[in-house]
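Report on one structure; see the data block that follows.
The values are calculated or read from the model by the stated rules, or taken from the named source; none is laboratory data. Note that the coordinates shown come from a computational prediction; the quantities given were computed from them, not determined experimentally. All Cβ positions, glycine included, derive from the backbone under ideal geometry; neighbour counts span all protein chains shown.
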Amino acid sequence: MTATDYEQAFWLPYTANRAFWKSPRVIQSAQGHHYTTAAGDRLLDGFSGLWTSGLGHCHPRIVAAVQSQVAELDYSLGFQATNDKAIELAGQLAALAPGDLNRVFFTNSGSEAVDTALKIALAYHHARGEGHRSRLIGRERAYHGVNFGGLSVGGIGANRKAFSACLLPGAAHLRHTYERSQMAYCRGQPAWGAHLADDLERLVLLHDASNIAAVIVEPVAGSTGVLVPPVGYLQRLRELCDRYGILLIFDEVITAFGRVGAAFAAERFELLPDILTVAKGITNGVIPMGGVLVREGIYQALMQGPEEMVEFFHGYTYSGHPVAAAAGLATLAAYEEEGSFEQARAIESLFEEGLHSLQGEPNVIDIRNIGLMGGLELAPRDGAPVGARGFDAFRDCFESGVVIRNGGDTLQFSPFLNSTGDELERIFDCVRGALRRLR
Ligand code: PXG
């Protein structure tokens, strides 16, 4: 192995690896709203980690909880036994969640939460003698993680391309909700587009409701570039699912825990899904963890057969890991004590103003926002691969001391729930400068 091989052994996820190693971006420490790189540069984090860390980095309460937990109970058997912290965290999540989303299944990531949610939906119908309800419906442009279930209901072509023939055969997709001619530069929810939910009727006609298990959507589509649901769209989807006996799954991996100015997008949009996935903000990103919140009736339908029998043959070695659960408990306590969800709601209009002040800058073709989620879409550069201009903007900002993210040619913003006006201004000023410099 050469020295270069050794130094470049790490194959980075979702990264242009060859370009990366020409000028590596290596983060060494973080505090509050800033990162420090291995080269000693201080960066303002405008993306809250990766939509993960709304409270800021190295939050003292979470750090202390993790330190003390790892010394007290580092791991506990998670099958046919558990630990006190996981029980407490499940209870607190159920109490925080709307309606009777009372039962919590823990995972280690959003991808695992999504695949778990899909399996719960299938197992639920099976337990009720409706095993023919086996089709899973996602949506074009959706991101539901990288495992085979989530990939199958996901709708981003690049993620699916190499795996196409191995995706779940029963998956189908609703049309996406973006229509630029009707929505460009809309602030918050577009007024147009509730009827797009009727696309579910098309799939019901094609496959028959008796064969459909569940519909999964991100209440606000994140990774694809922040697509905000039209007013009434999610309600319409809920009504149709009820009409046809189809479960509605909200993938709230990004939207839960304050990102849309409420504990859950379900709360902000005032409707109740049957199953809800979380990850990221559940521990403020400190320890990997995900979870699936399930309505009481679904859980009860699965509690069948002899009491000594395992009811649901599914689980991860680290489901309900005590250190992750301790981080989760400290995170929920900090959200509560700091009023983080209200804080996010209070700065939403400031964020919206700043983001939309970029309208008219070079190559900007749309700006979208809700809560503290923002997307700024750039026209792809002529003759270059899609995403080249977006990536250049990301790189320019990083080198200028601000971290944002690009998904293709859309720049994404996810500031801290407790951002200051000055910080928001710094982020948008930096992006403005980058846009003016870019080809
Ligand atoms: N569902 C949703 C809605 C997500 O946003 C996942 C599932 C998967 O979670 P894990 O923990 O397995 O990564 C996600 C993840 C981006 C970006 O640039 C977003 C995610 C992942 C990578 C990039 O917006 N979200």
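Within segment 111-147, the set of residues being of a type in the set (Gly, Ala, Ser), part of a helix (DSSP H, G or I) and more than 16 Å from the ligand (Cβ to nearest atom) comprises Ala123, Ala127. Does Thr255 satisfy the criteria of being assigned to a loop (DSSP other than H, G, I, E, B), within 16 Å of the ligand (Cβ to nearest atom) and at pLDDT 95 or above? So Thr255 passes the test.
The single condition among (1) touching a residue at least 60 places away in the same chain (Cβ under 8 Å); (2) touching a Leu at 6+ places or on another chain (Cβ under 6 Å); (3) farther than 13 Å from Gly110 by Cβ that Phe269 does not meet is (1).
If you check Glu348, Glu353 for being touching a residue at least 60 places away in the same chain (Cβ under 8 Å) and either part of a strand (DSSP E or B) or out of contact with any His (no Cβ under 7 Å at 6 or more places or on another chain) (or both), only one passes: Glu348.
Each residue in segment 271-312 was checked for being closer than 24 Å to Arg238 by Cα and part of a loop (DSSP other than H, G, I, E, B), and 5 pass. Considering Phe394, Phe398, Phe428, the condition of being within 16 Å of the ligand (Cβ to nearest atom) and in contact (Cβ under 8 Å) with a residue 24 or more places away in the chain is satisfied by Phe398 alone. When Ala95, Ala38 are screened for being over 30 Å from Tyr178 (Cα atoms), surrounded by fewer than 17 Cβ atoms within 10 Å (Cβ to Cβ), away from the ligand (no atom under 16 Å from the Cβ) and in the same structural domain as Phe416 (by TED's automatic domain parsing), only Ala38 passes. Trp21 satisfies every condition listed in (1) outside the structural domain of Val294 (by TED's automatic domain parsing); (2) buried (at least 18 other Cβ atoms within 10 Å of the Cβ); (3) of a type outside the set (A, V, I, L, M) except (2).
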